[in-house]
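The structure appears below as structure tokens.
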Amino acid sequence: MSEITLHVNGEGHQCPPQTSLPELLSQLGLNPRLVAVEYNGEIIHRQFWEETQIQEGDRLEIVTIVGGG
């Protein structure tokens, strides 16, 4: 199975085809509850993460949410 290439926070990454967004976050070691995701220039709401399939050349910006005062 060949891998696809995408960009996460400006860096090249590879993952298997048909990877869902939650699977990608898990592969990157990120807690889905603590991140916000911009997918190809648009903020993607959590309710759509499961149906979002990563494609060749996608660009994601993943921001970790930090709590505190």
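Among the residues of region 4-28, what is the count of those that are open to solvent by 50 Å² or more (accessible area, probe 1.4 Å) and part of a helix (DSSP H, G or I)?
The total comes to 3.
Which is part of a loop (DSSP other than H, G, I, E, B), of a type in the set (D, E, K, R) and touching a strand residue (DSSP E or B) at 6+ places or on another chain (Cβ under 6 Å), of E61, E38, E56?
Numbers: E61 fails: part of a loop (DSSP other than H, G, I, E, B); E38 fails: part of a loop (DSSP other than H, G, I, E, B).
None of the others qualify; the one that does is E56.
What residue, among those in region 41-53 that are of a type in the set (D, E) and assigned to a loop (DSSP other than H, G, I, E, B), is surrounded by the most Cβ atoms within 10 Å (Cβ to Cβ)?
We begin by selecting, within region 41-53, every residue of a type in the set (D, E); these are 42, 50-51.
Add one more test, that the residue is assigned to a loop (DSSP other than H, G, I, E, B), and what stays is 50-51.
Numbers: E50: 11, E51: 8.
Looking at residues that are of a type in the set (D, E) and assigned to a loop (DSSP other than H, G, I, E, B), I get E50.
The values are calculated or read from the model by the stated rules, or taken from the named source; none is laboratory data. No experiment lies behind these values; they were computed from the predicted model shown. FYI the Cβ positions are ideal-geometry reconstructions off the backbone, even for glycines, and counts take in every protein chain you see. Quick note on the areas: whole protein, heavy atoms, side chains included, nothing else; ligands and nucleic acids left out. Shrake-Rupley method; radii C 1.70, N 1.55, O 1.52, S 1.80 Å.
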